[in-house]
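Please read the structure below before turning to the comments.
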Amino acid sequence: MAGCISILAALRLATIKKIAPTPRFSLPRAQVDLENLHAVIANRYDVMAKYAQSLKRACADEVSRLQAASADRVAQIGLARIRFASRWMYRDSERLSESHRAKVREALAHSQRLAKLHEMGVELAALWERSSASREQLLSHLQDWCRRAEASGIRALEDFSLRLRSYA
């Protein structure tokens with residue numbers, strides 16, 4: 001998509017008014033601070049794109065884990081649902097049809113790990129929507145999110161929390 005816009009701009013058929021900021025990183029902070037919060041909010045599109053990538057990897061890992069762990073018919077049905085829903089669960093649920101939302105809910109019912117990842121992603125996305133919240137409230141929410149991610153025992157969430165704390 002960006003390539004098409006660049007081509008149109010080169011042909012002077014379009015004008016690029018704004019570009020997304022390039023994220024900068026530093027060593028991870030021990031705790032999220034205000035500077036870190038501002039960097040995360042400024043790079044929210046990058047944050048959510050990276051979260052979607054980590055969710056995709058976690059889905060693939062969960063499918064592999066479930067495949068190796070069980071051979072019974074019920075588990076295989078759940079595995080098929082997870083495989084199908086893994087293509088949809090990282091997307092905004094508002095944009096999904098009701099049938100796809102139902103399939104994602106079914107898949108999440110079969111895996112606590114994926115349910116937690118999905119729930120944490122929704123909470124992270126809700127952070128930008130709190131326009132009436134003060135900086136201190138936003139900071140508190142992000143610190144709480146990182147604390148819960150690191151305590152979840154899910155490697156993808158732990159790694160992502162570390163990534164969030166390294167935005168500069």
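One line per residue, one yes/no per condition, for (1) surrounded by fewer than 16 Cβ atoms within 10 Å (Cβ to Cβ); (2) more than 20 Å from ARG113 (Cα to Cα); (3) modelled with pLDDT of 80 or more:
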{"site": "ASN36", "(1), (2), (3)": "no, yes, yes"}
{"site": "SER54", "(1), (2), (3)": "no, no, yes"}
{"site": "SER70", "(1), (2), (3)": "yes, no, no"}
{"site": "GLN76", "(1), (2), (3)": "yes, no, no"}
Q: Output the residues belonging to the stretch 3-38 that are part of a helix (DSSP H, G or I) and either under 15 Å from LEU139 (Cβ atoms) or touching a Cys at 6+ places or on another chain (Cβ under 7 Å) (or both).
A: LEU34, GLU35, ASN36, LEU37, HIS38
(Q) Return the residues of the stretch 101-155 that are of a type in the set (Lys, Arg) and either touching a Lys or Arg at 6+ places or on another chain (Cβ under 7 Å) or farther than 19 Å from ARG165 by Cβ (or both); say none if nothing qualifies. (A) ARG101, LYS103, ARG105, ARG113, LYS116, ARG130
Q) If you scan the stretch 145-163, which residues turn out to be crowded, with 16+ Cβ neighbours inside 10 Å, farther than 18 Å from PHE25 by Cβ and among the small types (Gly, Ala, Ser)? A) SER152, ALA156
Q: Could you please let me know if LEU8 is modelled with pLDDT under 90 and surrounded by 12 or more Cβ atoms within 10 Å (Cβ to Cβ)?
A: yes
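Here's the yes/no breakdown for (1) touching a Pro at 6+ places or on another chain (Cβ under 8 Å); (2) not hydrophobic (A, V, I, L, M, F, W, C):
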site	(1), (2)
LEU8	no, no
ALA14	no, no
PRO21	no, yes
ASN36	no, yes
ALA42	yes, no
ASP46	yes, yes
Q: Say whether the condition of being part of a loop (DSSP other than H, G, I, E, B) and in contact with a Ser or Thr (Cβ under 9 Å, 6 or more places away or on another chain) is met by at least one residue in the stretch 39-51.
A: yes
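The values are calculated or read from the model by the stated rules, or taken from the named source; none is laboratory data. All values derive from a computational prediction rather than experimental measurement. We place every Cβ from the backbone using ideal geometry, glycine too, and count neighbours over all the protein chains shown.
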